[in-house]
1. Hey, with R₀ at 35 Å, roughly what FRET efficiency would L47 and L22 work out to, going by the Cβ-Cβ distance, to 0.05?
2. Excluding L22 itself, what net charge comes from residues whose Cβ is under 14 Å from its Cβ, given Lys and Arg +1 and Asp and Glu -1?
3. Can you give the FRET efficiency for I33 and I65, using 1/(1 + (r/R0)^6), R0 = 30 Å, r = Cβ-Cβ distance, to the nearest 0.05?
Amino acid sequence: MAQNHRTAEDVRREIEAERGELARAVEELRSGIGEATNISAKLQSKLPVAAAAALGAGFLLAGGIGATARLLFRRRREGHEWARLGRFVVSERD
């Protein structure tokens, strides 16, 4: 069996040193988490890109709704079927 020639004082010193390193690591981790979760700062740095993306998404959504409404109302004006869902058809009465 290998013998360890450390005294109790050496072990206490090593434990204190490890405790100090652990405390520094925890503080570093806390500051890193604070920076990583700061979404408002990240959004402010990319505000023009985020605004353009929101504008594009809104435009596409509004265009999709407008195109669908135009398709349905055009068929209705022409006297054809108004809407079709599978085998069910909604059409104008003559």
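Bear in mind that the values in this text are calculations on the coordinates, not laboratory data. Not measured: the values here are computed from a predicted model. For neighbour counting, all protein chains shown are included, and Cβ atoms are generated from backbone atoms with ideal geometry for every residue, glycine included.
1. 0.35
2. Numbers: positive: R19, R24, R30; negative: E14, E16, E18, E21, E27, E28.
The answer is -3.
3. On the way: r = 41 Å, r/R0 = 1.38.
The pair I33/I65 has a calculated efficiency of 0.15.
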